[in-house]
Amino acid sequence: MSIAPRPPPELSARRRQILDAAVTVLATQGWRGLTHRAIDRAAGLPEGSSSAYYRSRSALQAAMAEYVVWQLAADVETPAAELDQQPGDHDHAVAATSATFRRWLEESDLLTARLELTLAAARDDDLAVQLRDSRQSLTTIVDDIMDRGGHAHSGAVSATIVAALDGVLISALLRPAAQRAAFVADSPDLLLGSLVEGLG
């Protein structure tokens, strides 16, 4: 398996600053709180700064989705590269998945923003297309784990596993922060282990 790194969005330092602030606002205040004024405050910029770069809400949403997808995809590349070095090692695959989840939960604004964007995508076809690709990297990793373990499966199986792992992350976010790491340390092993046993 080899996952090509997703090229970073071409952003100036100011645009990156604005999008980082937008992610924080979306994660902490939701869609109702996502205004240009709130973003300017979160970024510590003069009022009107974010609207000068992203004039409409849809332009801001599209740029933020690309930014969030890129950051999460870049995180997935690390365990993917590690699995290339240790193919077929189920325990290592689970450990790599758990480590990635812990990083996401430690920086939960990014993860929460991605979940908010996912819900919005259910009502926005263009956003849905943007976010669909973000799942492909993780689905490819799951495909590889199943292939190298000698387990017959379909693409639908891998997509279902990824969806279930999303559920793990959501469940972790609903727990007190102090309990999240332990939860994601156990859940991927339970999920992937039971599936592998079921497929034989």
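So how do 39-52, 174-187 stack up, highest first, on mean other-Cβ count within 10 Å? Write down the numbers at each step before the final one.
Working: 39-52: 16.5, 174-187: 14.1.
Per-residue Cβ counts within 10 Å, averaged per peptide and sorted highest first, yield 39-52, 174-187.
Here the label points at residue 126 and residue 47, each 7 Å from Cα along the C-beta direction, are separated by 2.8 nm in the simple model.
Here, each number is a calculation from the coordinates, and none is a lab measurement. Every value quoted in this text rests on a predicted model; they were computed, and no experiment measured them. Virtual Cβ from ideal backbone geometry, glycine too; neighbours counted across all protein chains shown.
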